[in-house]
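Following: one structure in structure tokens, then a few remarks.
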Amino acid sequence: MMSDDTRLARRLEVVSVSPTLAVMMEARALRERGVDVIDFGPGEPDFDTPGNIKQAAIAALAANQTHYTDTGGILELRRAIAGRYAGAQGGAWGPDEVITGCGGKNVLFLAAMALLEPGDRVAIYAPYWVSFPEQVKLCGAEPVIVSTKENDGFVSRARDLEAHRGIKAIIVNSPCNPSGAVIPADEVERLAAFAAKSGCWLISDETYDTFHYGPGTFASFASQRAGLKERLLLVNSLSKTYAMTGWRVGYALGPRPVIEAMRKIQSHDATHTSSISQAAAVAALTGPQDSVAAMREEYRRRRDELVRSLNRIRGIACMLPPGSFYVFPNVTGAMTALGCATSIEFGRRLMAEIGVATVPGEAFGMPGFVRLSYALSLDRIRAGVERLRGLLGAREG
Ligand code: PLP
């Protein structure tokens with residue numbers, strides 16, 4: 001008998017397709033059937049990329065910057081990234097300690113490939129961004145899910161790691177997708193101390209760092225570089241900050257051996273992100289930042305109104321998240337009212353009955369909640385909330 005050699009690799013058996021993309025496809029299919037879907041699903045800015053960044057890309061094209069670049073990205077870009085963190089305690093990163101790639105997602109995957117082996121255990125706080133556990137599993141390692149608490153604002157706490165032994169890496173994400181939680185400065189210190197004490201890696205995904213609405217200023221793990229020198233990997237992206245999701249530019253800063261390992265992997269994979277995108281990224285990082293401030297203020301306005309109006313709906317309880325552009329309300333009351341056993345079923349009912357797209361909490365390891373993005377206009381937000389109120393009723397009192 002011939003052996004069956006058309007099977008897919010076994011590593012795929014443990015990985016699922018991104019649930020956020022699945023919601024996007026479902027919303028698209030409904031829209032194609034003529035339904036006016038109000039889409040709270042997308043994890044991307046509804047703003048256009050600022051003009052100065054687009055002009056830089058056009059200029060790069062005109063100057064024929066259309067060839068292969070350094071695997072880690074052009075020096076000018078790595079310098080601009082290092083410059084963003086120049087004030088870090090424990091010394092600034094040099095351009096050799098920076099790698100750029102095709103978005104934060106790609107850079108995180110390169111890091112996972114460089115650091116993780118089968119059997120390694122990686123602590124990930126729930127609710128988590130959908131790709132963290134899947135990337136870990138693709139490397140044959142094991143995600144160890146650590147819960148955060150709604151009544152603690154979903155903050156990732158060092159004390160919740162104490163019960164877990166033999167952790168190779170901790171992934172933290174502040175401001176968080178999906179909860180919008182931000183890790184306060186004292187907890188950033190505790191998490192760094194935990195990683196230093198237990199000798200594990202700390203991977204900090206700070207993709208939403210510019211969308212922090214206070215109180216106070218955002219506490220980056222860059223502040224912990226002194227104590228974590230050889231085990232800190234900072235990951236970020238231009239996707240959300242500069243409304244550049246399609247340009248695919250993300251980056252990491254870390255110890256040289258890891259950055260070199262990531263470059264080695266990249267050299268056999270994407271090679272580098274687009275030369276045009278890199279030129280645009282230099283303009284984004286070194287040019288005027290007023291469009292970022294304007295986007296942040298608009299997101300803040302939307303967040304405030306969305307949270308206020310969601311809390312007026314029966315069966316929905318929503319905290320005011322300090323960061324990102326998502327809210328993550330508790331919908332257990334509304335699920336009971338509609339007779340839904342899971343938030344997946346609840347999300348489906350919202351989509352089918354009122355044309356409102358959300359992402360169910362199961363996607364982020366936290367059933368009983370749904371994620372709503374507020375990267376859509378206030379008018380659309382208001383219309384969506386109105387539909388929800390129509391279905392669920394107003395809160396009494
Ligand atoms: N990290 C988090 C927490 C995200 O939400 C996303 C995108 O949704 C990413 C990383 C990656 O974004 P990109 O690959 O577009 O840089």
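The values are calculated or read from the model by the stated rules, or taken from the named source; none is laboratory data. Since we're looking at a predicted model, the values are computed, not measured. Because the Cβ atoms are built from the backbone with ideal geometry, glycine has one as well, and the counts that use them run over all protein chains shown. SASA here: full protein model, heavy atoms, side chains in, ligands and nucleic acids out. Shrake-Rupley method; radii C 1.70, N 1.55, O 1.52, S 1.80 Å.
Remarks
- In the set 247, 201, only one residue is more than 26 Å from residue 143 (Cα to Cα) and surrounded by 17 or more Cβ atoms within 10 Å (Cβ to Cβ); that residue is 247.
- Among the residues making up region 286-297, those that are touching a residue at least 24 places away in the same chain (Cβ under 8 Å), open to solvent by 30 Å² or more (accessible area, probe 1.4 Å) and of a type outside the set (Gly, Ala, Ser) are 286, 288, 296.
- Number of positions in region 236-264 that are among the β-branched types (Val, Ile, Thr) and more than 16 Å from the ligand (Cβ to nearest atom): 2
- Residue within region 311-327 that is part of a helix (DSSP H, G or I) and open to solvent by 20 Å² or more (accessible area, probe 1.4 Å) present: no
- For residue 17: the one exception among (1) among the hydrophobic types (A, V, I, L, M, F, W, C); (2) in a loop (DSSP other than H, G, I, E, B); (3) at pLDDT below 90; (4) more than 16 Å from the ligand (Cβ to nearest atom): (4)
- Check on residue 22, within 16 Å of the ligand (Cβ to nearest atom) and more than 21 Å from residue 209 (Cβ to Cβ): yes
- Residue list for region 328-348, filter: in contact (Cβ under 8 Å) with a residue 12 or more places away in the chain and not hydroxyl-bearing (Ser, Thr, Tyr): 328, 329, 330, 331, 333, 334, 335, 337, 338, 344, 346, 347
Residue-wise test of (1) assigned by TED's automatic domain parsing to the domain that holds residue 107; (2) touching a residue at least 24 places away in the same chain (Cβ under 8 Å); (3) assigned to a helix (DSSP H, G or I).
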position: 241; (1), (2), (3): yes, yes, no
position: 263; (1), (2), (3): yes, yes, yes
position: 279; (1), (2), (3): yes, yes, yes
position: 307; (1), (2), (3): no, no, yes
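- Pairs where the first residue, in region 364-383, is outside the structural domain of residue 131 (by TED's automatic domain parsing) and assigned to a loop (DSSP other than H, G, I, E, B) and the second is aromatic (Phe, Trp, Tyr) and open to solvent by 20 Å² or more (accessible area, probe 1.4 Å), C-beta under 6 Å, 6+ apart: 365/128
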